[in-house]
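Here is the structure we will look at, set down as structure tokens.
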Amino acid sequence: MFSTNISDLPWSDIRNSLWKLGYGRLGKLLSESQCEDLRTLYANQALFRSRVAMERYRFGRGEYQYFAYPLPALVAELRTTLYPFVVETANEWMKALSLAGDFPADLDRFLRHCHAEGQIRPTPLLLCYGCGDYNCLHQDVYGAIVFPFQVIICLSRPGDEFTGGELLLVEQRPRAQSLGRAIHLEQGEAGTRARALSSARGPAPPTR
């Protein structure tokens, strides 16, 4: 059970924001206790398939870990529940970019397709930052099949456990200066953002 019924979210506004700005705000999906429960998982190495120290790869400073299968129940439920609400927009997005990406309507079929192409590792992850840590402008892309949106949830308490920490999204615009937007998320709040995709038509779908 989530703090907000996902089917009741203003999906029309969220989809419009994805097209116009490259991101959408979903509001508070997780309670404080759910956030705390997810954070405690970080210390349990058995739940993860790999750990990335960002400084080693010049991704920034801090670290993150990719979950292994089976995913924690809450992570699996979030992924399964959110997918049907963004997949139609994902297909429209790929078509606008003239890219291949006919994503099926449900997550299980999409994952079966990924597995058939050799992409068998789960990609949900937990980030861990200490004082002064940061994330450079980068993203990980695993394999040829790339879903164009990611969902990010803040698990800590801004203003209490940390200051700063805004989510910085940068849009690279053809023949124009890049445009940056700083997004502040509260604990339990989720946002969905576009991955950086490119085609002959440019780095992002046209605003409609």
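Since only V75, L38, V86 are under comparison, the one whose Cα sits farthest along the positive direction of the charge dipole of the chain, derived from C-beta charges on Lys, Arg, Asp and Glu, is V86.
DSSP bridge analysis restricted to the chain gives an antiparallel fraction near 95%, rounded to the nearest 5.
Mean sequence separation of contacting Cα pairs (under 8 Å, at least six apart), scaled by the length of the chain, corresponds to a relative contact order of 28 percent.
The protection proxy used here, the mean number of other Cβ atoms lying within 10 Å of each residue, ranks peptides 132-140, 85-93, 153-161 as follows, highest first: 85-93, 153-161, 132-140. Cβ-to-Cβ counts within 10 Å put L125, L30 in ascending order as L125, L30, the fewest first. Straightening the chain between S17 and I152 buys 47.0 nm, computed as 0.36 nm per residue apart minus the Cα-Cα spacing. Fully extending the segment from T163 to H113 would add 13.9 nm, taking 0.36 nm per residue of separation and subtracting the current Cα-Cα distance. For the range 39-185, the Cβ-based charge dipole about the Cα centre amounts to some 320 debye (Lys, Arg positive; Asp, Glu negative; other atoms uncharged).
In this calculation the C-beta distance from A53 to A96 is compared with R0 = 45 Å, giving a FRET efficiency of 0.80. Other residues whose C-beta falls under 15 angstrom from the C-beta of Y57 contribute a net charge of 0, scoring Lys and Arg +1 and Asp and Glu -1.
What list of ³J(HN,Hα) values in whole Hz, one per residue of the range 51-61 in order, does the Karplus curve 6.51 cos²θ - 1.76 cosθ + 1.60 (θ = phi - 60°) give from phi, with Gly and Pro shown as x? Values, residue by residue: 10, 10, 8, 5, 4, 4, 9, 6, 7, x, 9 Hz. Only one of the listed values, (i) 112; (ii) 135; (iii) 165, was derived from the coordinates as volume of the Cα convex hull per residue in Å³; which label is it? Correct label, based on the coordinates given: (ii). Helices from the chain with mean Kyte-Doolittle at least -1.0 and a Cα length along the axis of 30 Å or more, per DSSP H: which? Span-like helices, by this rule, are 73-96.
Coordinate-derived values only; no laboratory data. Just so it is clear, the structure is predicted and the values come from calculations on it, not from any experiment. Note that we place each Cβ from the backbone using ideal geometry, even for glycine, and neighbour counts take in every protein chain shown.
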